[in-house]
Amino acid sequence: METKNNHIHDPKFWLPPLYFAEGLPAAVITEVSLLLFQFFGMSNSAIAFWTNFLGLVPLIFVKIFCAPLVDMLSTRRRWIINGQFILACLFFAVSLVCFTATPIPLLITLFFCASLVSGIHDIAADGFYIIALNDHEQALYSGLRSVFFRVAMVVGSGVFVVFAGLLVKYDIVPERYAWIISMFTAALMLGGIAFYCRIMLPCAAGDIP
């Protein structure tokens, strides 16, 4: 569990963004997608089906069937960074799709892909936490990882929604553009985290494909 480390790779610097990047996509995929589907006219029964389906994909499919591939095909560090970057691109694509006349099929496709990537990212992040830290450090920082995961869930399911609502309430932009701005903000955040983790994540000795 040793890492090629120096002071910039202190867990206090890379754990918060890592687990923020784990919680944010989960919140956007399960909560923000519901409101987007509703705004674009999807029926309540269809919304219930698709939001539950998108929430279950990483849990059932990725975390059960794809977990071995994470260890076999590349390092967890690469999976983490590439996953964050891909999620940023997918959320940016969601913001662009909102400009189209019939966005629902594309939104379902993009959120489905984001759900898969998010599940793989979670596997890699949790595995990296175990191999990069010794038992004492894992116990020491378990609270920190939980806090930032929950902060991300609040940001994704609450702050983005409130932000979009305020943009509409004060007639700053139409509702469609409020959601576009919110999704673009989520993409920027994940893109920034990907670049940050590229620098700050240590190279763990046990992180081999």
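The values are calculated or read from the model by the stated rules, or taken from the named source; none is laboratory data. All values derive from a computational prediction rather than experimental measurement. All Cβ positions, even for glycine, are placed from backbone atoms using ideal geometry, and neighbour counts span all protein chains on display. Remember, those area values only see protein heavy atoms, side chains included, never the ligands or the DNA or RNA. Shrake-Rupley method; radii C 1.70, N 1.55, O 1.52, S 1.80 Å.
What's the longest bit of the chain with no exposed chymotrypsin sites (Phe, Trp or Tyr not before Pro), using DSSP loop states and at most 13 other Cβ atoms within 10 Å as the test?
1-98
Would you indicate which of [x] 17.6, 58; [y] 17.6, 54; [z] 22.8, 82 is the value of Rg and Dmax of the Cα atoms in Å derived from the coordinates of this structure?
[y]
Run the quick spin-label model on Phe53 and Thr100: label points 7 Å from Cα toward the beta carbon, then report their separation in nm to one decimal.
1.6 nm
Kindly report the accessible area of the chain per residue (heavy atoms of protein chains, probe 1.4 Å, no ligands, DNA or RNA), in Å².
49 Å²
For the chain, what does -39500 (n - 2.57) per DSSP helix run (n ≥ 4), summed and divided by total residues, give at 222 nm, in deg cm²/dmol to the nearest 500?
-24500 deg cm²/dmol
Arranged from highest to lowest average of other beta-carbon atoms within 10 Å per residue, in what order do the peptides 113-122, 131-140 appear?
Highest to lowest by the protection proxy: 113-122, 131-140.
³J(HN,Hα) across the stretch 67-81 via Karplus (A = 6.51, B = -1.76, C = 1.60, θ = phi - 60°), whole Hz, x for Gly/Pro?
3, x, 5, 4, 6, 7, 9, 6, 7, 5, 4, 5, 4, 4, 5
Only Cα pairs under 8 Å and at least 6 apart count here; give the relative contact order of the stretch 84-194 as a rounded whole percent.
Normalised by residue count, the contact order of the stretch 84-194 is 50 percent.
Mind listing the phi-derived Karplus ³J(HN,Hα) values for the stretch 44-58, rounded to whole Hz, using 6.51, -1.76 and 1.60 with θ = phi - 60°, and x for any glycine or proline?
Here the 3J(HN,Hα) series is 4, 5, 5, 4, 4, 5, 5, 5, 5, 4, 5, x, 8, 3, x Hz.
Over the stretch 33-153, what is the relative contact order in percent, taking alpha-carbon pairs closer than 8 angstrom and at least six residues apart?
33 percent
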